[in-house]
Structures are given as C-alpha cells and as structure tokens.
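Chemist: One structure coming up, written as structure tokens, with questions to follow.
The values are calculated or read from the model by the stated rules, or taken from the named source; none is laboratory data. Bear in mind the structure is a predicted one, so any value in this text is a computation, not a measurement. With ideal geometry, Cβ positions are generated from the backbone for all residues, glycine too; neighbour counts draw on all protein chains shown. When the accessible area is computed, the model is the full protein with side chains, heavy atoms only, and any ligands, DNA or RNA have been set aside. Shrake-Rupley method; radii C 1.70, N 1.55, O 1.52, S 1.80 Å.
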Amino acid sequence: MMREGWLGDKYIVLFEEQASSLEEAYGFFGFLPGFRLIGLHGWDDFLVEDSGGNLFTVDTVPLLKERIRSFIFEESLDRLISDDRLRGKIKWYVQPLVFSGNPALESNVDWITLAQHTQLVQWWNKKYRELASEA
C-alpha cells in the first residue's frame, strides 16, 4: 500500500511497503547506490533516504547523485490530504525538462500510471547517460 496526497503545495507519494519492489523496477541502485527510495515529491523528484536516515530529493530525470538536495518535511505527514482525482496518477512531461521540454505546454503533460513511470524514468535516464557519454 502507498500513501499519497497534498502536503502544502506539493503532491507526495510514499511508496511504503512497495518501496523495495519499486527500487528494482526503477533500476534505482544502478543510479544511486547507498540510498533508499521513499517516494515521489511533487512528481518531478524522488524522495530518498541515506543510510543515516537523512532525507533528500533528487530529479527523476536525470537521476544523478550530484543533483541530490537535502530535504526536510515542513509539515507532518499526518497532514497529507488525499485527492481521489489524482490517486494512482503521476504527472509526466512527455519531453522531460532536461531535454528542453516545456512545462507550460499542455501538450507536454501526460498523466501516467506508476508502472509507466518506472519504464519512462529508466528509458530517459538511459538516454541521458548515452548522450552524456557522447559529449
């Protein structure tokens, strides 16, 4: 089971019991060894934890250790407000921002499932690494 909803102006998805299987589905350890996947923060970022229990956010694409940012929840997770309109949906930029995708274009936004998200995150991160290695 996962918990998800609004916490202030950010939509939070906590993977909870599914975290381990989602780490595998995302290929997470190949990108961020030593970190544990906790969930999604505002759809664009993963919420991760280090071995000391410290929280961080990191872009889903590109998923790079050097892009990790320290994070602290400003409100208690008990204040997470469920939103049935968004349950089970993830906002996705068809062309990710790092690849010059425009977040303001409605045609660049799609609502996808978690299974689709795992596939797209892996595909775009692989593409990012391929292009970076060619540069």
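Chemist: If you bin every alpha carbon distance in region 11-76 into 5 Å steps from zero, what whole percent lands in each bin?
Modeler: Here the calculated profile for region 11-76 is 4, 18, 33, 30, 12, 3, 0.
Chemist: How many angstrom lie between the C-alpha centres of region 49-73 and region 106-135?
Modeler: Using only Cα atoms to place each centre, the spacing works out to 18 Å.
Chemist: Still on this model: ³J(HN,Hα) across region 68-83 via Karplus (A = 6.51, B = -1.76, C = 1.60, θ = phi - 60°), whole Hz, x for Gly/Pro?
Modeler: The phi angles translate into 6, 10, 4, 9, 9, 5, 7, 10, 5, 5, 5, 8, 4, 9, 4, 9 Hz.
Chemist: Something else: With the other protein chains left in place, how much accessible area per residue, in square angstrom, belongs to the chain at a 1.4 angstrom probe?
Modeler: For the chain, the solvent-accessible area averages 58 Å² per residue.
Chemist: Heavy atoms only, probe 1.4 Å: what % of the accessible area of region 17-57 goes to carbon and sulfur, would you let me know?
Modeler: 50 percent
Chemist: Distance from the Cα centre of region 22-38 to that of region 1-19, in angstrom?
Modeler: Taking the Cα centre of region 1-19 as reference, the centre of region 22-38 is 17 Å away.
Chemist: Based on the Cα coordinates of the chain, what is the per residue volume of their convex hull in Å³?
Modeler: 116 Å³
Chemist: Taking R0 as 22 Å, what FRET efficiency do you get between Glu24 and Glu66 from their Cβ-Cβ distance, rounded to the nearest 0.05?
Modeler: Here the calculated transfer efficiency is 0.40.
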